[in-house]
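K.L.:
There's a structure below that I have some questions on.
Laboratory data are not the source of any read-out in this text; all were calculated from the coordinates shown. On a predicted model such as this, the values are computed, not experimentally measured, just so you know. Cβ atoms come from the backbone with ideal geometry, glycine included; neighbour counts cover every protein chain shown.
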Amino acid sequence: MSTRHFLTLTDLTPDELGALIARAGELKAAHRRGDRQVRYPGKVMAMLFEKSSTRTRASFEAAWTHLGGHSMFLSPRDIQLGRGETVEDSARVLSRMVDVLVVRTAAHERLELLAANSTVPVINALTDRFHPCQLLADILTWTERHGDIRGRTAAFIGDGNNVCQSWIKAARLFGFELRIAAPAGYRPEPELLATHADCVQVTDDPAAAAAGADVVVTDVWASMGQEDESAARQAAFAGYQVDPALMTKAAPAAIFMHCLPAHRGEEVAAAVIDGPQSVVWDEAENRLHAQKALLELLLG
């Protein structure tokens, strides 16, 4: 059987994604009961991270430890991915030594090149285009609160970044409507929007996007590597803060999500992220459980 990778959500079928979310819920319940979850003793996970991380690194390392495996963290100081050695050669060497590669890099094309030359599963731990592991946790969190999300509505307020673009793919795969409120110049890739026009709408009005939504999502206005654009982005996103007034536009039982880290007073008001509608801490924890389910699916 050919090696399966997880570079975007569409690497799995809707049925597989539904089963993965259900399995993640089972693993979460088992973890809270204190059940041993050793599945892969002696297996090795290599984490190639060219960008810094808190939740992604911690959740993958903890998940793999719970599953009985050993993880090795390789930072830019430890490896010369694409510099002293080609991406192709790095993939060929590492995949003869480890059982799964978890990669956080800037260019999505580099991730694709790694996967094309790896004989073990490659998992996207974030690229400039997509962050699919975050969406697994987000969907798990949403279903925990609202049950079946097919036919429901999500609103993404702010930068049309890698997280937003993964929400676009999720809308089609999980069968919900996504409304994106973003200023011109900061919207998702036009081609991606065009191919998802049946389930995704774009507006420059945050209130219109949030109207009746079951979940309201945002992210930082300036992501890693965009710090020099911070002033311009703050000006462009003025009026796109998720504050209590915006949350009143959403459905009465609406929840608020943010992949973190959050900048209170910028993309979200403290009263929202620290308020009763916020599920960000469940969302962060669910990275652990969703990624366990993903590892099981890819490794068998």
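K.L.:
Let me check I've understood the local charge: for R23, count other residues with C-beta under 9 angstrom from its C-beta, Lys and Arg +1, Asp and Glu -1. What total comes out?
P.N.:
In short, -1.
K.L.:
So, one more: With n ≥ 4 as the cut-off for DSSP H runs, can you work out [θ] at 222 nm for the chain, using -39500 (n - 2.57) per run divided by the number of residues, rounded to the nearest 500?
P.N.:
-12000 deg cm²/dmol
K.L.:
Taking a point 7 angstrom from the Cα of A211 along the C-beta vector, which residues in the stretch 247-262 have backbone N less than 18 Å away?
P.N.:
Inside the label zone: 247-254.
K.L.:
Follow-up question, since we're still on this one. If you fit an axis through the alpha-carbon atoms of helix 280-299 and take the longest principal axis of the Cα set of the chain, what angle between them do you get, 0 to 90°, nearest 10?
P.N.:
For 280-299 against the chain, the angle is about 40 degrees.
K.L.:
How big is the chain on each of its three principal axes, counting only the C-alpha atoms and giving the largest first in Å?
P.N.:
That works out to 53, 44, 34 Å along the principal axes.
K.L.:
Now for a separate question. Quick one: which residues, 5 or more positions from I255 or on another chain, have an amide H under 5 Å from its amide H? H modelled 1.01 Å from N in the peptide plane, none for Pro or chain starts.
P.N.:
V215, V216
K.L.:
While we're here: Write down the Kirkwood hydrodynamic radius of the stretch 134-283, to one decimal in angstroms, obtained as one divided by the mean of 1/r over all alpha carbon pairs.
P.N.:
15.0
K.L.:
Order these by the 10 Å Cβ neighbour count, fewest first: S90, S53.
P.N.:
S53, S90
K.L.:
Same structure again: In the stretch 213-256, whose amide N lies under 12 Å from the spot 7 Å out along Cα-to-Cβ of A271? List them in ranges.
P.N.:
Answer for this model: 243-248.
K.L.:
Same structure again: What is the packing order of peptides 238-250, 123-135, taking the mean over residues of other C-beta atoms within 10 Å and listing the highest first?
P.N.:
Ranked from most to least packed, the peptides come out as 123-135, 238-250.
K.L.:
Next up: Can you give me the C-alpha center-to-center distance between the stretch 225-291 and the stretch 193-207, rounded to a whole angstrom?
P.N.:
19
K.L.:
Sum up the charges of everything whose Cβ sits under 15 Å from the Cβ of P252, counting Lys and Arg as +1 and Asp and Glu as -1, but leave P252 out.
P.N.:
Residues near P252 contribute +2 overall.
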